[in-house]
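Before any comments, here is the structure.
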Amino acid sequence: MIRKILINISVITLAIIILALLQELFMPKYMSSIHEGNLVEEYYDEVKEHDVIFIGDCEVFSNVSPITLWENYGITSYIRGSAQQLIWQSYYLLEETLNYEKPKAVVFNVLSMKYNEPQKEAYNRLTLDGMKLSKSKISAVKASMMEDEQLITYLFPILRYHSRWNELSGEDFKYLFDKDKLSHNGYLMRIDVKPVNVIPKGRKLADYSFGDNSYDYLDKMTKLCKENDIELILIKSPSVYPYWYEEWDEQMVNYAKENNLTYINFLDEAEEIGIDYSKDTYDGGLHLNLSGAEKFTDYFGSILSNEFHLPDHREDARLKEIWDKKITFYYSMEEHQRSELEKYGYLKSYGAQAQEKEDER
Amino acid sequence: MNKMNYQLLKFLMLCMLFLLLTGCGKKEEKDDTAKNNTNVEEAADNNQKNEETDKETEAASDASVSDNEEQEVVGYPFEFGDVTIHMNTNAASVIEALGEPVEYFEAESCAFKGLDKIYYYNGFELSTYPMESEDFISSVNFLDDSVSTTEGIYLGSTLEEMLAAYGNDYTQEMGMYIYTLGETELNFLVEDGVITAITYLAIVEGLE
């Protein structure tokens with residue numbers, strides 16, 4: 001009898017293990033392209049002691065360098081950013097983060113206020129697939145799903161990705177159990193330059209008001225921070241595109257005032273920051289390159305340090321040891337990117353290929 | 001392994017198969033259209049495109065501009081000189097036919113893998129989105145009153161003129177009148193009875 005039970009348990013365990021392995025195998029690895037697909041997941045391996053948590057879309061994970069924040073101000077930070085991160089995803093990522101650590105400040109980039117509804121499954125996946133299973137993840141999925149999506153495919157991604165069986169490549173096997181680290185505390189580095197030539201003007205809109213759903217989650221975020229005694233700082237990162245309307249800015253100014261929050265539109269301060277849009281962006285103004293990100297971070301760091309009095313931890317030997325390793329990785333990646341630029345004329349391993357090919361046309 | 005264990009194993013395998021097939025039956029159908037895509041983003045883009053395409057509008061979404069001459073494209077076209085521009089069709093020959101743009105902007109697409117592009121011409125801007133290494137027309141937006149819709153409406157026309165040209169089959173919100181045909185939206189923003197913005201838009205998930 002015991003033998004039968006043991007065999008049955010073994011069979012079930014084996015089936016579960018095979019299923020779990022297949023799931024891992026079929027899931028996209030985002031190692032050779034679309035690196036931002038790994039950002040959410042990378043956080044879990046981190047030593048979770050950060051004074052500042054950044055949340056938001058590409059305007060944080062491309063524009064803010066936590067290494068610069070550490071080097072210049074001794075501020076520990078992490079970016080929980082992802083591609084087209086919608087505000088409800090930011091909220092639930094923050095809620096999840098607070099289960100691991102309690103930062104002194106949370107910085108939210110407000111561009112996503114313009115999206116009142118879920119936009120696209122592909123972008124949902126880039127943010128949500130990387131989240132560990134938790135109440136926050138389930139809530140985030142429910143808030144994010146498009147009409148034709150199903151919750152179960154986020155809980156068991158094999159149900160979504162099994163059709164990749166005939167697309168599996170060496171990358172899927174190579175990174176089955178362990179992936180390379182690609183970000184610097186959530187920052188995706190790019191050192192190449194593509195200047196701003198044209199800044200598209202915003203089209204006239206019938207209604208400039210942010211939607212109720214967006215405001216609802218901003219309210220929740222504000223409440224969550226206040227309950228946890230965390231300073232919530234709203235920013236508009238200095239990316240010149242997508243267009244940031246005056247009317248939107250005004251709503252954020254008013255919201256911050258009504259809720260006793262700080263809101264800073266860094267687009268207005270780009271000159272003071274020293275951003276040169278002919279040199280400091282890698283894609284014509286959407287995202288800052290390393291040079292631009294370091295300038296912006298240094299400027300913002302002085303505000304965090306002087307106005308929000310975030311502590312300087314550079315004398316803390318334990319933290320210094322942790323961050324020294326990060327600094328080494330940061331500069332080795334910068335060096336690697338420089339050598340790739342020199343060798344190929346573009347960042348072959350860092351997602352720049354498509355753009356370069358287009359440029360050649 | 002005894003008979004009972006074999007049955008248990010069979011049952012487990014069947015459960016797995018059932019989950020695989022039912023959990024994404026709809027996706028499976030769609031995924032077949034994107035077999036050669038190597039990431040979820042591309043796959044989802046193409047899936048969406050296929051899913052939302054009905055029999056009539058399939059012609060519109062698949063047609064290249066050269067095809068336009070042979071196939072009837074359902075949607076509002078914009079005509080500029082000799083060039084007829086349909087939303088959601090391949091942009092290459094339209095761009096070629098329109099000649100050198102006054103200005104050009106490109107940026108990594110927020111919704112698709114590749115580059116969003118904006119071509120500025122006298123009187124209007126034409127935007128494209130990437131799909132499977134090609135660009136498709138996502139919108140035409142009027143910049144001044146030197147261009148008009150095929151039905152003769154331009155920036156500065158009145159609400160009455162618009163209604164006379166397009167009728168009453170529209171949706172309206174906050175002064176934006178939206179006419180839908182096939183995979184195309186034609187949007188008129190009306191302020192104080194006068195049209196102040198005109199935009200042709202492709203109806204594609206993820207486009208703003």
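Some observations on this one:
- Amide hydrogen proximity for A:R190: with H placed 1.01 Å from N in the peptide plane, the residues at 5 or more positions away or on another chain lying under 5 Å are A:L290.
- Fraction of alpha-carbon pairs over 17 Å apart in segment A:1-133 - percent: 65
- Partner chain coverage, peptide A:114-122 - average Cβ within 10 angstrom: 5
- Chain A: most fluctuating residue of A:L218, A:L288, A:L133 per GNM, C-alpha cutoff 10 Å: A:L133
- Dividing the Cα radius of gyration of segment A:298-344 by its Kirkwood radius returns 1.18 for Rg/Rh.
- Cα-based radius of gyration for segment A:264-335, normalised by 2.2 N^0.38 Å, reads 1.32.
- Cα centroid of segment A:125-202 to Cα centroid of segment A:268-332, whole Å: 25
- Footprinting exposure proxy for A:K295, A:K257 (fewest neighbouring C-beta atoms within 10 Å first): A:K257, A:K295
- The alpha carbon radius of gyration of chain A, expressed as a multiple of 2.2 N^0.38 Å, is 1.04.
- Note on segment B:55-202: Cα convex hull, mean projected area over all directions, 9.0 nm².
- Taken residue by residue and averaged, Cβ atoms of other chains lying within 10 Å of the Cβ of A:153-165 number 5.
- J(HN,Hα) series, segment B:83-92, from Karplus relation 6.51 cos²θ - 1.76 cosθ + 1.60, nearest Hz, glycine and proline x: 9, 9, 10, 9, 5, 6, 10, 4, 8, 3
Values quoted throughout were computed directly from the atomic coordinates according to the rules given, and no laboratory measurement underlies them. Please read all numbers here as calculations on a predicted model, not as lab measurements. Cβ atoms come from the backbone with ideal geometry, glycine included; neighbour counts cover every protein chain shown.
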